[in-house]
Number of protein chains: 2
Amino acid sequence: MNVLVIGANGQVGKHIVDKLQENDHTPVAMVRDPDQVPYFEERGVKTVLGDLEQDFRHAFYHIDGVIFAAGSGPHTGADKTILIDQEAAIRSMELAQEFGVKRFVMLSTIAADRPEIGPQALKHYLYAKGRADQYLRSTNLSYTIVRPGGLIDEEGTGKVYAAEHISSMDTIPREDVASAIVHALTADHLVGKSFDVISGDQPIEQL
Amino acid sequence: MNVLVIGANGQVGKHIVDKLQENDHTPVAMVRDPDQVPYFEERGVKTVLGDLEQDFRHAFYHIDGVIFAAGSGPHTGADKTILIDQEAAIRSMELAQEFGVKRFVMLSTIAADRPEIGPQALKHYLYAKGRADQYLRSTNLSYTIVRPGGLIDEEGTGKVYAAEHISSMDTIPREDVASAIVHALTADHLVGKSFDVISGDQPIEQL
(Lines give C-alpha, C1' and ligand atoms only; values in the text may rest on other atoms or scores of the structure.)
Protein backbone atom coordinates (compact mmCIF):
# COMPACT_ATOMS: atom_id res chain seq x y z
CA MET A 1 0.00 0.00 0.00
CA ASN A 2 1.23 3.49 -0.80
CA VAL A 3 0.71 5.26 2.49
CA LEU A 4 0.88 9.01 2.94
CA VAL A 5 2.18 9.80 6.41
CA ILE A 6 1.09 13.28 7.39
CA GLY A 7 3.33 14.48 10.18
CA ALA A 8 6.06 12.00 9.26
CA ASN A 9 8.73 14.09 10.93
CA GLY A 10 7.03 13.92 14.30
CA GLN A 11 8.12 11.55 17.05
CA VAL A 12 5.35 9.06 16.37
CA GLY A 13 5.50 9.79 12.63
CA LYS A 14 9.07 8.53 12.32
CA HIS A 15 8.14 5.25 14.05
CA ILE A 16 5.15 4.93 11.73
CA VAL A 17 7.40 5.26 8.68
CA ASP A 18 9.68 2.53 10.08
CA LYS A 19 6.77 0.19 10.80
CA LEU A 20 5.32 0.73 7.34
CA GLN A 21 8.64 -0.28 5.80
CA GLU A 22 8.89 -3.34 8.06
CA ASN A 23 5.42 -4.38 6.91
CA ASP A 24 6.17 -4.05 3.18
CA HIS A 25 4.17 -0.90 2.66
CA THR A 26 5.52 2.07 0.74
CA PRO A 27 5.45 5.11 3.02
CA VAL A 28 5.39 8.59 1.54
CA ALA A 29 6.57 11.00 4.19
CA MET A 30 4.91 14.39 3.97
CA VAL A 31 7.16 17.01 5.52
CA ARG A 32 6.99 20.78 5.60
CA ASP A 33 10.64 21.67 5.56
CA PRO A 34 13.16 20.63 2.87
CA ASP A 35 15.68 20.15 5.68
CA GLN A 36 13.56 17.23 6.86
CA VAL A 37 13.94 15.37 3.55
CA PRO A 38 17.45 13.84 3.96
CA TYR A 39 16.46 11.90 7.10
CA PHE A 40 13.91 9.99 5.01
CA GLU A 41 15.90 9.80 1.77
CA GLU A 42 18.75 8.15 3.65
CA ARG A 43 16.30 5.44 4.73
CA GLY A 44 14.99 4.94 1.22
CA VAL A 45 11.68 6.61 2.05
CA LYS A 46 9.87 8.78 -0.49
CA THR A 47 8.98 12.27 0.62
CA VAL A 48 6.58 14.94 -0.49
CA LEU A 49 6.76 18.55 0.63
CA GLY A 50 3.51 19.86 2.04
CA ASP A 51 2.51 22.61 4.42
CA LEU A 52 -0.60 21.83 6.45
CA GLU A 53 -1.49 25.50 6.61
CA GLN A 54 -1.45 25.76 2.83
CA ASP A 55 -2.84 23.66 -0.01
CA PHE A 56 -1.43 20.12 0.16
CA ARG A 57 -3.70 18.27 -2.23
CA HIS A 58 -0.75 17.43 -4.52
CA ALA A 59 0.38 14.94 -1.88
CA PHE A 60 -2.64 12.69 -2.44
CA TYR A 61 -1.91 11.39 -5.94
CA HIS A 62 -1.34 7.60 -6.12
CA ILE A 63 -2.02 7.17 -2.41
CA ASP A 64 -3.92 4.12 -1.09
CA GLY A 65 -3.86 4.90 2.62
CA VAL A 66 -3.41 7.98 4.79
CA ILE A 67 -2.11 8.16 8.34
CA PHE A 68 -2.67 11.50 10.02
CA ALA A 69 0.00 11.79 12.69
CA ALA A 70 0.58 15.54 12.58
CA GLY A 71 0.08 17.54 15.70
CA SER A 72 0.85 20.95 16.91
CA GLY A 73 1.06 19.15 20.24
CA PRO A 74 -0.82 20.20 23.34
CA HIS A 75 1.80 22.77 24.27
CA THR A 76 1.97 25.01 21.20
CA GLY A 77 -0.26 28.01 20.75
CA ALA A 78 -3.91 27.08 20.61
CA ASP A 79 -4.24 28.89 17.28
CA LYS A 80 -2.15 26.05 15.83
CA THR A 81 -4.35 23.55 17.63
CA ILE A 82 -7.23 24.84 15.52
CA LEU A 83 -5.24 25.20 12.30
CA ILE A 84 -3.35 21.87 12.46
CA ASP A 85 -5.00 19.40 14.82
CA GLN A 86 -8.52 20.29 13.79
CA GLU A 87 -8.59 22.00 10.41
CA ALA A 88 -5.65 20.33 8.62
CA ALA A 89 -6.95 16.99 9.84
CA ILE A 90 -10.40 17.70 8.43
CA ARG A 91 -8.86 18.95 5.18
CA SER A 92 -6.91 15.67 4.95
CA MET A 93 -10.16 13.75 5.27
CA GLU A 94 -11.79 15.83 2.56
CA LEU A 95 -8.85 15.18 0.25
CA ALA A 96 -8.78 11.47 1.11
CA GLN A 97 -12.43 11.25 0.09
CA GLU A 98 -11.85 13.24 -3.08
CA PHE A 99 -8.99 10.95 -4.09
CA GLY A 100 -10.79 7.74 -3.16
CA VAL A 101 -8.22 6.74 -0.55
CA LYS A 102 -8.93 3.22 0.72
CA ARG A 103 -7.93 3.56 4.39
CA PHE A 104 -7.50 6.46 6.80
CA VAL A 105 -5.96 6.00 10.23
CA MET A 106 -6.04 8.88 12.71
CA LEU A 107 -3.57 9.36 15.54
CA SER A 108 -5.87 10.86 18.11
CA THR A 109 -5.44 11.12 21.87
CA ILE A 110 -7.07 9.52 24.86
CA ALA A 111 -10.13 11.49 26.04
CA ALA A 112 -10.59 13.20 22.66
CA ASP A 113 -14.15 11.91 22.79
CA ARG A 114 -14.48 12.88 26.47
CA PRO A 115 -12.92 16.35 26.75
CA GLU A 116 -14.89 17.07 29.90
CA ILE A 117 -12.79 14.56 31.86
CA GLY A 118 -9.52 16.11 30.71
CA PRO A 119 -7.44 18.58 32.69
CA GLN A 120 -8.44 22.23 32.18
CA ALA A 121 -5.16 23.09 30.43
CA LEU A 122 -5.78 20.45 27.76
CA LYS A 123 -9.52 20.85 27.23
CA HIS A 124 -9.27 23.04 24.15
CA TYR A 125 -6.84 20.53 22.63
CA LEU A 126 -9.13 17.59 23.41
CA TYR A 127 -12.13 19.40 21.92
CA ALA A 128 -10.23 20.19 18.72
CA LYS A 129 -8.99 16.59 18.38
CA GLY A 130 -12.50 15.39 19.14
CA ARG A 131 -14.05 17.58 16.44
CA ALA A 132 -11.61 16.18 13.89
CA ASP A 133 -12.41 12.62 14.97
CA GLN A 134 -16.12 13.37 14.83
CA TYR A 135 -15.71 14.69 11.30
CA LEU A 136 -13.91 11.49 10.31
CA ARG A 137 -16.84 9.42 11.60
CA SER A 138 -19.18 11.44 9.40
CA THR A 139 -17.23 10.67 6.22
CA ASN A 140 -17.56 7.60 4.03
CA LEU A 141 -13.88 6.77 4.59
CA SER A 142 -12.75 3.38 5.88
CA TYR A 143 -11.19 4.80 9.00
CA THR A 144 -9.72 3.75 12.33
CA ILE A 145 -9.15 6.19 15.19
CA VAL A 146 -6.35 5.30 17.63
CA ARG A 147 -6.37 7.25 20.92
CA PRO A 148 -3.16 6.60 22.88
CA GLY A 149 -2.53 7.51 26.49
CA GLY A 150 0.54 9.46 27.54
CA LEU A 151 3.30 9.05 24.96
CA ILE A 152 6.70 7.95 26.19
CA ASP A 153 9.96 7.27 24.41
CA GLU A 154 10.65 3.76 25.72
CA GLU A 155 11.24 0.94 23.30
CA GLY A 156 8.12 -0.75 22.02
CA THR A 157 7.00 -4.03 23.59
CA GLY A 158 4.70 -5.15 20.78
CA LYS A 159 1.91 -5.40 23.35
CA VAL A 160 -0.79 -2.96 24.42
CA TYR A 161 -4.13 -2.72 26.15
CA ALA A 162 -6.84 -1.41 23.85
CA ALA A 163 -10.50 -0.76 24.62
CA GLU A 164 -13.20 1.65 23.55
CA HIS A 165 -12.68 3.62 26.74
CA ILE A 166 -9.89 3.24 29.27
CA SER A 167 -10.32 5.09 32.54
CA SER A 168 -6.65 5.26 33.47
CA MET A 169 -4.42 7.81 31.78
CA ASP A 170 -1.50 5.40 31.63
CA THR A 171 1.35 5.68 29.19
CA ILE A 172 2.42 3.87 26.05
CA PRO A 173 5.67 3.87 24.07
CA ARG A 174 5.44 5.85 20.82
CA GLU A 175 6.78 2.81 18.97
CA ASP A 176 3.82 0.70 20.11
CA VAL A 177 1.40 3.43 19.04
CA ALA A 178 3.02 3.35 15.60
CA SER A 179 2.71 -0.43 15.46
CA ALA A 180 -0.97 -0.27 16.40
CA ILE A 181 -1.61 2.35 13.71
CA VAL A 182 0.14 0.37 11.00
CA HIS A 183 -1.69 -2.77 12.12
CA ALA A 184 -5.01 -0.91 11.89
CA LEU A 185 -4.22 0.12 8.33
CA THR A 186 -4.96 -3.36 7.00
CA ALA A 187 -7.10 -4.88 9.78
CA ASP A 188 -10.52 -4.92 8.14
CA HIS A 189 -12.32 -5.63 11.41
CA LEU A 190 -10.99 -2.31 12.76
CA VAL A 191 -12.66 -0.25 10.02
CA GLY A 192 -15.06 2.23 11.59
CA LYS A 193 -13.61 1.61 15.05
CA SER A 194 -12.20 4.07 17.58
CA PHE A 195 -10.29 2.90 20.62
CA ASP A 196 -8.09 4.04 23.49
CA VAL A 197 -4.73 2.32 23.84
CA ILE A 198 -2.11 2.14 26.60
CA SER A 199 0.63 -0.31 27.55
CA GLY A 200 -0.63 -3.82 28.24
CA ASP A 201 -0.54 -7.51 27.45
CA GLN A 202 -2.37 -7.86 24.14
CA PRO A 203 -0.14 -8.60 21.15
CA ILE A 204 -0.69 -5.70 18.74
CA GLU A 205 -1.16 -8.05 15.77
CA GLN A 206 -4.14 -9.59 17.59
CA LEU A 207 -5.98 -6.31 18.02
CA MET B 1 -40.85 35.84 22.70
CA ASN B 2 -38.70 34.82 25.68
CA VAL B 3 -35.21 35.22 24.26
CA LEU B 4 -32.08 33.90 25.93
CA VAL B 5 -29.19 36.22 25.11
CA ILE B 6 -25.95 34.30 25.51
CA GLY B 7 -23.14 36.81 25.92
CA ALA B 8 -25.55 39.53 27.05
CA ASN B 9 -22.81 41.41 28.83
CA GLY B 10 -20.78 41.83 25.66
CA GLN B 11 -20.74 45.03 23.65
CA VAL B 12 -23.14 43.72 21.01
CA GLY B 13 -25.02 41.71 23.64
CA LYS B 14 -26.08 44.82 25.57
CA HIS B 15 -27.46 46.39 22.36
CA ILE B 16 -29.31 43.16 21.61
CA VAL B 17 -30.98 43.25 25.01
CA ASP B 18 -32.06 46.86 24.38
CA LYS B 19 -33.45 46.05 20.93
CA LEU B 20 -35.33 43.04 22.27
CA GLN B 21 -37.02 45.27 24.86
CA GLU B 22 -37.85 47.88 22.21
CA ASN B 23 -39.49 45.17 20.11
CA ASP B 24 -41.65 43.80 22.93
CA HIS B 25 -39.65 40.64 23.44
CA THR B 26 -38.63 39.43 26.89
CA PRO B 27 -34.84 39.13 26.97
CA VAL B 28 -33.20 36.82 29.47
CA ALA B 29 -29.60 37.93 29.85
CA MET B 30 -27.24 35.05 30.53
CA VAL B 31 -24.17 36.34 32.37
CA ARG B 32 -21.28 34.56 34.03
CA ASP B 33 -20.53 36.92 36.87
CA PRO B 34 -23.01 37.98 39.58
CA ASP B 35 -21.45 41.46 39.35
CA GLN B 36 -22.96 41.71 35.87
CA VAL B 37 -26.52 41.23 37.16
CA PRO B 38 -27.31 44.76 38.48
CA TYR B 39 -26.75 46.38 35.06
CA PHE B 40 -29.62 44.30 33.68
CA GLU B 41 -31.83 44.34 36.79
CA GLU B 42 -31.78 48.14 36.76
CA ARG B 43 -33.19 48.01 33.25
CA GLY B 44 -35.90 45.54 34.18
CA VAL B 45 -34.18 42.70 32.33
CA LYS B 46 -34.25 39.16 33.68
CA THR B 47 -30.91 37.47 34.13
CA VAL B 48 -29.68 33.93 34.49
CA LEU B 49 -26.23 33.00 35.70
CA GLY B 50 -24.40 30.64 33.39
CA ASP B 51 -20.79 29.81 32.66
CA LEU B 52 -20.13 28.79 29.06
CA GLU B 53 -17.26 26.56 30.17
CA GLN B 54 -19.56 24.67 32.53
CA ASP B 55 -23.04 23.17 32.26
CA PHE B 56 -25.57 25.89 31.39
CA ARG B 57 -28.59 23.84 30.41
CA HIS B 58 -30.65 25.33 33.26
CA ALA B 59 -30.78 28.58 31.25
CA PHE B 60 -32.91 27.02 28.52
CA TYR B 61 -36.17 26.46 30.43
CA HIS B 62 -39.13 28.50 29.08
CA ILE B 63 -37.07 29.96 26.26
CA ASP B 64 -38.55 30.51 22.78
CA GLY B 65 -35.52 31.99 21.02
CA VAL B 66 -31.77 32.01 21.53
CA ILE B 67 -29.28 34.62 20.40
CA PHE B 68 -25.66 33.52 20.67
CA ALA B 69 -23.62 36.71 20.99
CA ALA B 70 -20.85 35.43 23.23
CA GLY B 71 -17.33 35.65 22.03
CA SER B 72 -13.92 35.30 23.48
CA GLY B 73 -13.08 37.86 20.80
CA PRO B 74 -10.33 37.44 18.25
CA HIS B 75 -7.70 38.75 20.63
CA THR B 76 -8.02 36.43 23.63
CA GLY B 77 -6.10 33.20 23.91
CA ALA B 78 -7.00 30.78 21.17
CA ASP B 79 -7.81 28.14 23.77
CA LYS B 80 -10.84 30.27 24.62
CA THR B 81 -11.63 30.57 20.92
CA ILE B 82 -12.11 26.80 20.90
CA LEU B 83 -13.90 26.61 24.26
CA ILE B 84 -16.25 29.58 23.80
CA ASP B 85 -16.63 30.57 20.15
CA GLN B 86 -16.72 27.01 18.88
CA GLU B 87 -17.64 24.57 21.63
CA ALA B 88 -19.98 26.67 23.79
CA ALA B 89 -21.75 27.76 20.60
CA ILE B 90 -22.23 24.16 19.53
CA ARG B 91 -23.37 23.22 23.04
CA SER B 92 -25.95 26.03 22.86
CA MET B 93 -27.28 24.58 19.63
CA GLU B 94 -27.52 21.11 21.14
CA LEU B 95 -29.45 22.52 24.10
CA ALA B 96 -31.69 24.62 21.84
CA GLN B 97 -32.61 21.48 19.96
CA GLU B 98 -33.17 19.50 23.13
CA PHE B 99 -35.49 22.20 24.52
CA GLY B 100 -37.35 22.70 21.22
CA VAL B 101 -36.33 26.35 20.91
CA LYS B 102 -38.19 27.99 18.00
CA ARG B 103 -35.51 30.35 16.68
CA PHE B 104 -31.72 30.55 16.95
CA VAL B 105 -29.77 33.57 15.73
CA MET B 106 -25.99 33.43 15.63
CA LEU B 107 -23.71 36.44 15.83
CA SER B 108 -20.94 35.27 13.54
CA THR B 109 -18.28 37.30 11.74
CA ILE B 110 -17.58 38.21 8.16
CA ALA B 111 -15.40 35.58 6.44
CA ALA B 112 -16.34 32.84 8.93
CA ASP B 113 -17.34 30.79 5.89
CA ARG B 114 -14.19 31.87 4.01
CA PRO B 115 -11.34 31.66 6.54
CA GLU B 116 -8.81 31.36 3.74
CA ILE B 117 -9.36 35.01 2.77
CA GLY B 118 -8.84 36.24 6.31
CA PRO B 119 -5.63 37.69 7.73
CA GLN B 120 -3.23 35.07 9.12
CA ALA B 121 -3.63 36.33 12.68
CA LEU B 122 -7.39 35.74 12.58
CA LYS B 123 -7.53 32.48 10.64
CA HIS B 124 -7.89 30.22 13.65
CA TYR B 125 -10.72 32.44 14.92
CA LEU B 126 -12.49 32.37 11.56
CA TYR B 127 -12.18 28.59 11.33
CA ALA B 128 -13.62 28.14 14.83
CA LYS B 129 -16.53 30.52 14.11
CA GLY B 130 -17.04 28.76 10.80
CA ARG B 131 -17.19 25.30 12.41
CA ALA B 132 -19.86 26.54 14.83
CA ASP B 133 -21.86 28.04 11.95
CA GLN B 134 -21.48 24.83 9.98
CA TYR B 135 -22.78 22.85 12.93
CA LEU B 136 -25.80 25.16 13.15
CA ARG B 137 -26.60 24.49 9.49
CA SER B 138 -26.55 20.76 10.20
CA THR B 139 -29.18 21.04 12.96
CA ASN B 140 -32.94 21.10 12.54
CA LEU B 141 -33.11 24.53 14.23
CA SER B 142 -34.80 27.50 12.56
CA TYR B 143 -31.65 29.55 12.45
CA THR B 144 -30.22 32.73 10.97
CA ILE B 145 -26.49 33.47 10.85
CA VAL B 146 -25.49 37.14 10.83
CA ARG B 147 -21.86 37.85 9.82
CA PRO B 148 -20.97 41.50 10.47
CA GLY B 149 -17.91 43.33 9.20
CA GLY B 150 -15.65 45.28 11.56
CA LEU B 151 -17.59 46.29 14.64
CA ILE B 152 -17.52 49.97 15.63
CA ASP B 153 -19.12 51.88 18.47
CA GLU B 154 -20.89 54.58 16.47
CA GLU B 155 -24.60 55.11 16.92
CA GLY B 156 -26.78 52.87 14.80
CA THR B 157 -28.27 54.25 11.59
CA GLY B 158 -31.00 51.64 11.18
CA LYS B 159 -29.59 50.90 7.73
CA VAL B 160 -27.13 48.28 6.52
CA TYR B 161 -25.90 46.48 3.44
CA ALA B 162 -26.50 42.73 3.64
CA ALA B 163 -25.61 40.06 1.11
CA GLU B 164 -24.56 36.43 1.14
CA HIS B 165 -20.96 37.49 0.55
CA ILE B 166 -19.52 40.98 0.71
CA SER B 167 -16.00 41.40 -0.59
CA SER B 168 -15.16 44.55 1.35
CA MET B 169 -14.28 44.27 5.04
CA ASP B 170 -16.13 47.52 5.86
CA THR B 171 -17.41 48.36 9.30
CA ILE B 172 -20.83 48.44 10.94
CA PRO B 173 -22.02 49.96 14.25
CA ARG B 174 -22.67 47.36 16.93
CA GLU B 175 -26.13 48.83 17.43
CA ASP B 176 -27.05 48.07 13.81
CA VAL B 177 -25.76 44.51 14.17
CA ALA B 178 -28.01 44.11 17.20
CA SER B 179 -30.99 45.49 15.25
CA ALA B 180 -30.36 43.09 12.37
CA ILE B 181 -30.14 40.14 14.78
CA VAL B 182 -33.37 41.04 16.57
CA HIS B 183 -35.06 41.58 13.20
CA ALA B 184 -33.88 38.14 12.05
CA LEU B 185 -35.41 36.57 15.15
CA THR B 186 -38.94 36.93 13.77
CA ALA B 187 -38.33 37.31 10.02
CA ASP B 188 -39.53 33.94 8.73
CA HIS B 189 -37.96 34.47 5.29
CA LEU B 190 -34.54 34.66 6.97
CA VAL B 191 -34.81 31.17 8.47
CA GLY B 192 -31.98 29.01 7.19
CA LYS B 193 -30.14 32.04 5.81
CA SER B 194 -26.59 33.22 6.44
CA PHE B 195 -25.44 36.67 5.36
CA ASP B 196 -22.64 39.21 5.66
CA VAL B 197 -23.63 42.68 6.83
CA ILE B 198 -21.88 46.08 6.85
CA SER B 199 -23.06 49.69 6.90
CA GLY B 200 -25.27 50.61 3.96
CA ASP B 201 -28.57 51.95 2.72
CA GLN B 202 -31.06 49.12 3.29
CA PRO B 203 -33.51 49.70 6.14
CA ILE B 204 -32.92 46.84 8.58
CA GLU B 205 -36.64 46.08 8.89
CA GLN B 206 -36.71 45.39 5.14
CA LEU B 207 -33.97 42.75 5.26
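Some points to look at:
- With a Förster radius of 30 Å applied to the C-beta separation of A:T171 and A:D55, the computed FRET efficiency comes to 0.25.
- Cβ neighbours within 10 Å from other chains - mean over A:144-153: 0
- Among the residues of A:112-121, the average count of other protein chain beta-carbon atoms within 10 Å of the residue beta-carbon is 1.
- MRE, 222 nm, helices only [DSSP H, n ≥ 4, -39500 (n - 2.57), over chain A, to nearest 500]: -8000 deg cm²/dmol
- Here A:G192 yields copy-to-copy label distances, from shortest upward, of 3.0 nm, the label point defined as 7 Å from Cα along Cα to C-beta.
- Relative contact order, whole percent, for segment A:35-104 stands at 34, derived from Cα pairs under 8 Å and 6 or more residues apart.
- Taking the C-alpha atoms of segment A:2-206, convex hull volume expressed per residue in Å³: 110
- With a cut-off of 15 Å between beta carbons, the residues surrounding A:I145 carry a summed charge of +2, where Lys and Arg count +1 and Asp and Glu -1.
- Inter-copy label distances for A:E205: 7.7 nm (label point placed 7 Å from Cα along Cα→Cβ; shortest first).
- Each of the peptides B:192-199, B:63-70, A:170-177 was scored by the mean count of other Cβ atoms within 10 Å over its residues; in descending order, highest first, they stand as B:63-70, A:170-177, B:192-199.
- With 0.36 nm allotted per residue and the present C-alpha distance subtracted, the A:T76-A:D64 stretch has 1.2 nm of extension available.
- Anchor B:K159: lysines whose Cα lies under 24 Å away (excluding residues fewer than 8 positions away in-chain): B:K14, B:K19, B:K193
- Förster-model FRET efficiency, 35 Å R0, B:D33 and A:Q202, C-beta, rounded to 0.05: 0.10
- Ranked from shortest, the separations from the 7 Å Cα-to-Cβ label point of A:I117 to its equivalents in the other copies are 4.4 nm.
- Identity and axial distance of the chain A residue whose Cβ lies nearest the axis relating A to B, Å: A:A78, 2
- Charge tally for A:A111 (other residues, Cβ to Cβ under 15 Å; Lys, Arg +1; Asp, Glu -1): -3.
- Rounded to the nearest 0.05, the FRET efficiency derived from the C-beta distance between B:R114 and A:K46 at R0 = 35 Å is 0.55.
- Across the accessible surface of segment B:1-111, with the other protein chains kept in place and a 1.4 Å probe, carbon and sulfur atoms take up 45 percent.
- Both radii are taken from the alpha-carbon atoms of the protein assembly as shown; with Rh as the Kirkwood radius, Rg/Rh is 1.04.
- Peptide packing: for B:21-27, A:85-91, A:4-10, the average count of neighbouring Cβ atoms within 10 Å per residue gives the ranking A:4-10, A:85-91, B:21-27, highest mean first.
- Residue list for segment A:12-26, given a label point 7 angstrom along the Cα-to-Cβ vector of A:M1 and an amide N cut-off under 16 Å: A:16-26
- Shielding by partners, peptide A:86-92 (average Cβ within 10 angstrom, other chains): 2
- Charge tally in the Cβ shell below 14 Å around A:H58, where Lys, Arg are +1 and Asp, Glu are -1, A:H58 excluded: +1
- Label zone at A:E94, where the point sits 7 Å out along the Cα-to-Cβ direction: segment A:15-53 residues whose backbone N lies under 13 Å: A:53
The values are calculated or read from the model by the stated rules, or taken from the named source; none is laboratory data. As the structure is a computational prediction, the values presented were derived from the model and not from experiment. Note that we place each Cβ from the backbone using ideal geometry, even for glycine, and neighbour counts take in every protein chain shown. Accessible surface is based on the protein model in full, side chains and every heavy atom, while ligands, DNA and RNA are left aside. Shrake-Rupley method; radii C 1.70, N 1.55, O 1.52, S 1.80 Å.
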